[in-house]
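K.L.:
Please read through the structure below; I'll follow up with questions.
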Amino acid sequence: MSEKVPAPMTLQQVLQHTAEMGVSLFQICDYPQIESWSAAQLQALRQQADQLGMALELGTRGLQAGHLQRYLELADALEVTVLRSMFNSATSRPTLAEAGAMIETVLPKFEQQQVKLCLETYEQVRSADMMSVINRFDSPSLGVCLDPANCVAALELPEQVIENTVDRVLNLHVKDFAFSRQDGWVGFTLAGSPMGEGLLNYRQLIERVRPDSRGINQIVEHWLPWQQDAQRTCQLEQQWTQQSVDYLAKHQFQE
């Protein structure tokens, strides 16, 4: 997509906006610019989060030791205890054996720093295959960032992904999704939908994972289709975000 938002919010503005919505947690996920921030910039961000009463998490991609070491440094500066990552990065698609070797190299550092490495469920690696690697390591510092929607593209039902990963879930990405017919009935589009209006069985997700009793944070996400221009897209994003926050607050199912 060549169109872009002409004046995107800064990370500092996003934190302020999040706090104004009554949310006290923000996951800085796939924001590679932060990798080059100075110690002073990181300290200022942590101070802002403290003033807003906000906890922070981090997110990146890949398992390379040097890359994750940098994120452990960021985690230390920002007082972060959860790092979301994934097997694949933009430049690396490791085999299961290679992924296991990478995890074996970096995991002791995560354990020492008491940071949880949460690997997200994605269609590139089937959930059972991902778990075959994660379950090699009996460590509370290694687990799953569960997003049942991602694996639909690999023909994995969300219910099966939940069952495959539930025992090792340490973080949740919550977004709703739906299929729609393309013009001429030639295939489908899998895209996001407003929370509570799509195919995500949120009740089942919460009842199986039991995030509150296990201390697992829920991170709101979107698959938001472009709405012809930046203004309409940003307006809809705000609506979807508010609806998701309200939905999660309202639907506190008995665990």
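The values are calculated or read from the model by the stated rules, or taken from the named source; none is laboratory data. Keep in mind that what you see is a predicted model, and the values were worked out from it rather than measured. Cβ coordinates were reconstructed from backbone atoms using ideal geometry, including for glycine residues, and neighbour counts include every protein chain displayed. Heavy atoms of the whole protein, side chains included, go into the accessibility calculation; ligands, DNA and RNA do not. Shrake-Rupley method; radii C 1.70, N 1.55, O 1.52, S 1.80 Å.
K.L.:
Can you go through Val186, Val166, Val144 and tell me which one is modelled with pLDDT under 95, among the aliphatic types (A, V, I, L, M) and at negative phi?
P.N.:
Numbers: Val166 fails: modelled with pLDDT under 95; Val144 fails: modelled with pLDDT under 95.
After ruling out the rest, the residue left standing is Val186.
K.L.:
From (1) open to solvent by 60 Å² or more (accessible area, probe 1.4 Å); (2) modelled with pLDDT under 95, pick out the condition that doesn't hold for Ser180.
P.N.:
Just one mismatch for Ser180, condition (1).
K.L.:
Tell me, which residue of the stretch 215-255 that is part of a helix (DSSP H, G or I), without any contact (Cβ under 8 Å) to a residue 40 or more places away in the chain and open to solvent by 50 Å² or more (accessible area, probe 1.4 Å) is farthest from Gln204 (Cα to Cα)? Walk me through it before giving the result.
P.N.:
Applying the first criterion (part of a helix (DSSP H, G or I)) to the stretch 215-255 yields 230-250.
Now drop any that are not without any contact (Cβ under 8 Å) to a residue 40 or more places away in the chain, which leaves 231-232, 235-238, 246, 249-250.
If we keep only those that are open to solvent by 50 Å² or more (accessible area, probe 1.4 Å) too, we end up with 231-232, 235, 237-238, 246, 249-250.
Working: Gln231: 35, Arg232: 33, Gln235: 30, Glu237: 26, Gln238: 26, Asp246: 18, Ala249: 16, Lys250: 15 Å.
Looking at residues that are part of a helix (DSSP H, G or I), without any contact (Cβ under 8 Å) to a residue 40 or more places away in the chain and open to solvent by 50 Å² or more (accessible area, probe 1.4 Å), I get Gln231.
K.L.:
From the list Val115, Val82, Val106, exactly one residue is over 17 Å from the mean Cα position of the chain (by Cα), on the phi < 0 side of the Ramachandran plot and open to solvent by less than 60 Å² (accessible area, probe 1.4 Å). Which is it?
P.N.:
Val106
K.L.:
Check off (1) surrounded by fewer than 23 Cβ atoms within 10 Å (Cβ to Cβ); (2) within 24 Å of Ala178 (Cβ to Cβ); (3) touching a residue at least 40 places away in the same chain (Cβ under 8 Å) for Leu146 and give me the number that stays unchecked.
P.N.:
Leu146 satisfies all of (1) surrounded by fewer than 23 Cβ atoms within 10 Å (Cβ to Cβ); (2) within 24 Å of Ala178 (Cβ to Cβ); (3) touching a residue at least 40 places away in the same chain (Cβ under 8 Å) except (1).
K.L.:
Test Leu68 against the stated conditions and say whether it is in contact with a Gly (Cβ under 8 Å, 6 or more places away or on another chain), open to solvent by less than 10 Å² (accessible area, probe 1.4 Å) and outside any helix (DSSP H, G or I).
P.N.:
For Leu68, the condition - in contact with a Gly (Cβ under 8 Å, 6 or more places away or on another chain), open to solvent by less than 10 Å² (accessible area, probe 1.4 Å) and outside any helix (DSSP H, G or I) - is not met.
K.L.:
Filter the stretch 1-52 down to the residues that are hydroxyl-bearing (Ser, Thr, Tyr) and touching a strand residue (DSSP E or B) at 6+ places or on another chain (Cβ under 9 Å), then identify the one that is farthest from Ala230 (Cα to Cα).
P.N.:
Ser24
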